[in-house]
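Peer 1: Supplied in structure tokens, the structure appears directly below.
Derivation of every value follows stated rules applied to the coordinates shown; laboratory data play no part. All values reported here derive from a predicted model rather than from experimental measurement. Ideal geometry is used to build each Cβ from the backbone, glycine not excepted, and the neighbour counts take in all protein chains shown.
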Amino acid sequence: MVNPEESMEITEMVCLESDLLDGQMKEVEVDKHKILLVKNEGQFSAVGSRCSHYGAPLVKGTLLGDRVRCPFHGACFNVKTGDIEDYPGLDSLPSYKVKTEDGKVYVTLNTKETKRMREMCHRVPEVCHTVILIGGGPASLVCAETLRQNDYSGRIIMVTKEGLPPFDKPKLSKAMNVDSERLLLRPKEFFQQHDIEMWMNKEVISVDTEAKTVTVDDNTVQHYDQLLIATGCRARPMACPGADLENVRLLESFQDAQDIHNLCAGKKAVVVGTSFIGMEVAAYLSDKAASVSIIGRSEYPFQLSLGADIGKMTMQMLEEKEVKFYMNDNVAEIRGENGKVQEVLLQNGGRLEADVVVFGIGVLPNVDFLKGSKIATDQRNNIIVDKCMRTSVPEVYSAGDVVSFPLAMRGDERVNIGHWQLAHAHGRIAGLSMVKKPTEINSVPFFWTVLLGKSIRYTGYGQGYTDIVFKGKVEERTFLAFYLKDDVVVAAASLNFDPAVACLAEMIANGKVITRVQIKSDDLGWLQLP
Ligand SMILES: Cc1cc2nc3c(=O)[nH]c(=O)nc-3n(C[C@H](O)[C@H](O)[C@H](O)COP(=O)(O)OP(=O)(O)OC[C@H]3O[C@@H](n4cnc5c(N)ncnc54)[C@H](O)[C@@H]3O)c2cc1C
Ligand code: FES
């Protein structure tokens with residue numbers, strides 16, 4: 001049945017009521033648009049079928065109650081309203097009318113609505129209240145959007161050192177040569193449309209929490225009523241001789257990624273660091289550089305975070321692409337001629353020819369501008385926040401990679417976690433605190449890394465794990481790894497085992513404790529994998 005054209009509404013029968021059991025979902029089509037149909041407690045609901053992050057088919061995710069979790073990177077959506085409830089991604093899903101008649105299920109689609117941004121208010125010039133957001137990453141962006149979604153009509157200023165509005169940083173090490181416009185999380189016009197002032201290429205150099213001002217490197221002093229510090233982290237520089245030579249690079253910005261791509265094409269690249277950034281960069285360069293060598297301090301890559309077995313497997317993946325590993329080693333010196341890199345000397349006595357050296361050896365929190373302020377930081381220089389992202393100073397909030405916060409799933413243990421998804425979640429909580437709707441952070445960490453087109457997914461917080469139990473076979477590159485501490489699963493990682501990690505994240509989010517006994521069993525029925 002096709003409704004009058006002007007309403008753009010189309011209703012079609014999509015299935016029989018009996019086709020779905022309670023707790024099941026199905027992808028159906030109305031007018032060639034794919035829709036996710038869900039049955040829960042006898043009620044049907046229908047929402048967009050593609051995740052608003054990178055478009056994963058949600059039907060392959062995990063459904064628990066009224067929430068579906070994306071199999072790829074863990075974003076969660078309410079299946080009744082379509083609202084995004086956990087990240088990554090910014091937008092919600094469209095939701096559609098469903099009716100049942102004579103045992104048949106009908107869905108009505110509005111063809112204009114295939115994406116849904118939560119409604120946002122505008123600035124009212126008479127409202128004399130200013131929020132400053134320092135940093136232009138996802139934590140700041142989500143905070144700004146949360147403010148506008150919650151009727152905040154004051155002034156919002158986002159100050160960022162970058163020359164771009166918020167962009168998809170995880171892509172920098174996975175698709176280094178991507179066009180900047182394609183990286184943006186929101187188009188440039190978005191900020192004008194929603195009255196969010198973008199102060200780009202500007203660095204905040206100090207904060208005075210008594211006077212409630214921030215000072216910017218162009219000497220502007222700006223008053224704030226509420227402040228968000230979401231300055232993230234910067235790449236840790238190497239302190240060896242020669243680290244200042246031309247063509248020794250760190251990966252932080254869009255321009256860094258472009259430079260590394262251009263400098264390494266057809267040249268000898270040496271990557272230092274075998275954790276996420278180093279391994280992704282080495283994988284990316286493997287078919288572009290003349291040679292790629294990678295240096296790591298442990299026996300295998302990712303050894304501390306993912307364990308030796310997975311590390312060994314990733315090493316083999318890259319070795320198959322002719323990447324050469326120098327493990328249990330480190331850089332002693334970088335030598336060059338005319339200011340340019342020529343070779344890398346290793347602590348174990350080795351010598352690698354090099355045209356470019358890329359360091360991916362960890363990060364440092366961006367808090368130098370807070371020196372002398374009363375905003376409390378911990379021993380590692382992370383800003384201390386409570387569960388509502390409040391710092392030690394009233395009306396100053398902090399979010400994202402720069403904070404240490406109480407992690408609900410680990411009994412409020414104070415942690416610092418640099419995940420894309422968590423930065424979004426923090427930004428939302430900070431925004432809600434600012435509009436006096438305090439909500440505690442209870443997001444379960446979710447992370448992914450991509451090597452040669454293969455995604456390893458990870459959920460939880462594995463710090464201090466004592467052993468790993470595997471399902472599947474790591475050497476066959478199809479596995480699910482459970483990380484245990486005190487006989488309880490604290491984290492899980494997978495490759496080619498979707499949506500296991502999303503299922504586990506959802507179970508942990510619902511307060512379920514997963515024990516050694518459960519995972520030792522050969523029957524993974526409790527995971528409810530489709
Ligand atoms: C190359 C790369 C790949 C990654 N891949 C993944 C991945 O695959 N999965 C994943 O989960 N996470 C990944 N991450 C981590 C993820 O990008 C971060 O967790 C996330 O960006 C943190 O968001 P944030 O808002 O806290 O800070 P950021 O995104 O770091 O943004 C902070 C911003 O503040 C600006 N800034 C700093 N100091 C000042 C100042 N004084 N004044 C003004 N501006 C300032 C910085 O320039 C920066 O733009 C990756 C990170 C990098 C660098
Ligand atoms: S595609 Fe769904 S979370 Fe990334």
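Peer 1: Would you list the strands (runs of 3 or more DSSP E) that sit entirely within region 428-530 and hold 1 or more residues that are within 18 Å of the chain's Cα centre (by Cα)? Let's see the steps before the verdict.
Peer 2: Details: elements: 446-451, 454-460, 467-473, 478-485, 488-495.
Ranges flagged: 446-451, 454-460, 488-495.
Peer 1: Within the group Glu189, Glu210, which residue is surrounded by fewer than 19 Cβ atoms within 10 Å (Cβ to Cβ), closer than 27 Å to His122 by Cα and among the charged types (D, E, K, R)? Give the derivation first.
Peer 2: Numbers: Glu210 fails: closer than 27 Å to His122 by Cα.
Result: Glu189 is the single residue among Glu189, Glu210 that is surrounded by fewer than 19 Cβ atoms within 10 Å (Cβ to Cβ), closer than 27 Å to His122 by Cα and among the charged types (D, E, K, R).
Peer 1: Yes or no: Glu280 acidic (Asp, Glu) and within 20 Å of the chain's Cα centre (by Cα)? Steps first, answer last, please.
Peer 2: Values: acidic (Asp, Glu): yes; within 20 Å of the chain's Cα centre (by Cα): yes.
Yes; evaluated as a whole, the condition is true for this residue.
Peer 1: Tell me, which strands (runs of 3 or more DSSP E) lie completely within region 14-94 with 3 or more residues that are closer than 22 Å to Arg186 by Cα and under 22 Å from the mean Cα position of the chain (by Cα)? Steps first, please.
Peer 2: Working: elements: 24-30, 33-40, 43-48, 62-64, 67-69, 76-78, 84-86.
Because the criterion is at least 3 residues that are closer than 22 Å to Arg186 by Cα and under 22 Å from the mean Cα position of the chain (by Cα), the strands (runs of 3 or more DSSP E) in region 14-94 that meet it are 84-86.
Peer 1: Within region 391-414, which residues are within 28 Å of Lys512 (Cα to Cα) and away from ligand 1 (no atom under 13 Å from the Cβ)?
Peer 2: Restricting attention to region 391-414, the residues satisfying the condition of being within 28 Å of Lys512 (Cα to Cα) are 399-401, 403-414.
Pro406, Leu407, Ala408, Met409, Arg410, Gly411, Asp412, Glu413, Arg414, listed by residue number.
Peer 1: Out of (1) at positive phi; (2) away from ligand 2 (no atom under 16 Å from the Cβ), what's the single condition that is false for Arg118?
Peer 2: For Arg118, the exception is condition (1).
Peer 1: Still on this model: Could you run through region 51-77 and say how many residues are touching a residue at least 24 places away in the same chain (Cβ under 8 Å) and either β-branched (Val, Ile, Thr) or more than 16 Å from ligand 1 (Cβ to nearest atom) (or both)?
Peer 2: Counting residues in region 51-77 that are touching a residue at least 24 places away in the same chain (Cβ under 8 Å) and either β-branched (Val, Ile, Thr) or more than 16 Å from ligand 1 (Cβ to nearest atom) (or both) gives 14.
Peer 1: In addition: Out of all the residues in region 375-389, is one or more under 20 Å from Thr459 (Cβ atoms), free of Cβ contacts under 8 Å to residues at least 12 places away in the same chain and away from ligand 1 (no atom under 12 Å from the Cβ)? Please lay out each step first, then the result.
Peer 2: Of all residues in region 375-389, those under 20 Å from Thr459 (Cβ atoms) come to 387.
Adding the requirement that they be free of Cβ contacts under 8 Å to residues at least 12 places away in the same chain leaves none.
No; the residues of region 375-389 include none that is under 20 Å from Thr459 (Cβ atoms), free of Cβ contacts under 8 Å to residues at least 12 places away in the same chain and away from ligand 1 (no atom under 12 Å from the Cβ).
Peer 1: Can you say whether Leu109 is within 16 Å of ligand 1 (Cβ to nearest atom) and touching a residue at least 60 places away in the same chain (Cβ under 8 Å), as far as the supplied structure shows?
Peer 2: Against the criterion (within 16 Å of ligand 1 (Cβ to nearest atom) and touching a residue at least 60 places away in the same chain (Cβ under 8 Å)), Leu109 does not qualify.
Peer 1: I'm checking my understanding of the structure. Among residues of region 349-361 that are in contact with a strand residue (DSSP E or B) (Cβ under 8 Å, 6 or more places away or on another chain) and part of a loop (DSSP other than H, G, I, E, B), which one is farthest from Ala283 (Cα to Cα)? First the steps, then the outcome.
Peer 2: Looking only at region 349-361, we keep the residues that are in contact with a strand residue (DSSP E or B) (Cβ under 8 Å, 6 or more places away or on another chain), and these are 350-361.
Imposing the further condition that a residue be part of a loop (DSSP other than H, G, I, E, B) reduces the set to 350, 354-355, 360-361.
Numbers: Gly350: 22, Ala354: 17, Asp355: 17, Gly360: 13, Ile361: 16 Å.
Step by step, filter region 349-361, then rank; the result is Gly350.
Peer 1: Further question: Say we look at region 78-90 and pick out the residues that are surrounded by 21 or more Cβ atoms within 10 Å (Cβ to Cβ) and not aliphatic (A, V, I, L, M); which of these is farthest from ligand 1 (Cβ to nearest atom)?
Peer 2: Pass one, region 78-90, residues surrounded by 21 or more Cβ atoms within 10 Å (Cβ to Cβ): 79, 82, 84, 86-89.
From what's left, not aliphatic (A, V, I, L, M): 82, 86-89.
Numbers: Gly82: 24, Asp86: 13, Tyr87: 10, Pro88: 8, Gly89: 12 Å.
Across region 78-90, the extreme among qualifying residues is Gly82.
Peer 1: Next question, about the same structure. Which residue is farthest from ligand 1 (Cβ to nearest atom), if the candidates are limited to region 159-193 and must be part of a loop (DSSP other than H, G, I, E, B) and polar (S, T, N, Q)? Spell out how you get there, then give the answer.
Peer 2: Taking region 159-193 as the starting set, the residues that turn out to be part of a loop (DSSP other than H, G, I, E, B) are 160-166, 168, 174-179, 185-187.
Now narrow it down to the ones that are polar (S, T, N, Q): 160, 177.
On the way: Thr160: 5, Asn177: 14 Å.
The extreme case among them is Asn177.
Peer 1: So Leu228 fits all but one of (1) surrounded by fewer than 17 Cβ atoms within 10 Å (Cβ to Cβ); (2) within 24 Å of the chain's Cα centre (by Cα); (3) outside any helix (DSSP H, G or I); (4) not small (Gly, Ala, Ser); what number is the exception?
Peer 2: Every listed condition holds for Leu228 apart from (1).
Peer 1: Are any of the residues in region 282-291 closer than 17 Å to Met238 by Cβ and in contact (Cβ under 8 Å) with a residue 60 or more places away in the chain?
Peer 2: Quick first cut of region 282-291, residues closer than 17 Å to Met238 by Cβ only: 282.
Subset that is in contact (Cβ under 8 Å) with a residue 60 or more places away in the chain: none.
Looking for residues that are closer than 17 Å to Met238 by Cβ and in contact (Cβ under 8 Å) with a residue 60 or more places away in the chain, one finds none in region 282-291, hence no.
Peer 1: Then there is this: Being within 11 Å of ligand 2 (Cβ to nearest atom), farther than 21 Å from His426 by Cβ and not β-branched (Val, Ile, Thr), is that true of even one residue in region 96-113?
Peer 2: Scanning region 96-113, I find no residue that is within 11 Å of ligand 2 (Cβ to nearest atom), farther than 21 Å from His426 by Cβ and not β-branched (Val, Ile, Thr), so the answer is no.
Peer 1: Report, by residue number, each residue of region 125-153 that is among the aliphatic types (A, V, I, L, M) and either surrounded by 14 or more Cβ atoms within 10 Å (Cβ to Cβ) or at positive phi (or both).
Peer 2: Initial filter on region 125-153 (among the aliphatic types (A, V, I, L, M)): 127, 131-134, 139, 141-142, 144, 147.
Of everything in region 125-153, those that are among the aliphatic types (A, V, I, L, M) and either surrounded by 14 or more Cβ atoms within 10 Å (Cβ to Cβ) or at positive phi (or both) turn out to be Val131, Ile132, Leu133, Ile134, Ala139, Leu141, Val142, Ala144, Leu147.
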